[in-house]
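Rule-based calculations on the coordinates, nothing more; no lab input. Everything quoted here is computed from the prediction, not taken from an experiment. Every residue, glycine as well, gets a Cβ built from its backbone with ideal geometry; the counts of neighbours run over all protein chains shown.
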């Protein structure tokens, strides 16, 4: 599992250079957090801008979809088969 504390550093980000702050809630409400945006590639799909709330709190896992993953990709879950499928977002929404 990848944790946010490590993920930002692994992506080459520098905490002090991330100037946009974000307020976390719940048990992380008292932890400082910064907005981190990256260009992400999922499988063979085109790159998309993904945003994360980056905190130095220990043991906070990276959770795709927490900010904009599900706005950038269509994801179909097939629970009975224990799998999911990720596609580029549909051009037309109904």
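For this structure, a couple of remarks:
- A search for C-beta distances below 8 Å between a residue of segment 29-45 that is on the phi > 0 side of the Ramachandran plot and any residue that is in a strand (DSSP E or B), counting only pairs 6+ apart in sequence or on different chains, returns 43/86.
- Scanning segment 23-55 for residues that are in a loop (DSSP other than H, G, I, E, B), under 17 Å from residue 7 (Cβ atoms) and more than 15 Å from the chain's Cα centre (by Cα) yields 31, 32.
- Note on segment 4-32: residues that are touching a helix residue (DSSP H, G or I) at 6+ places or on another chain (Cβ under 9 Å) and exposed (fewer than 10 other Cβ atoms within 10 Å of the Cβ) amount to 1.
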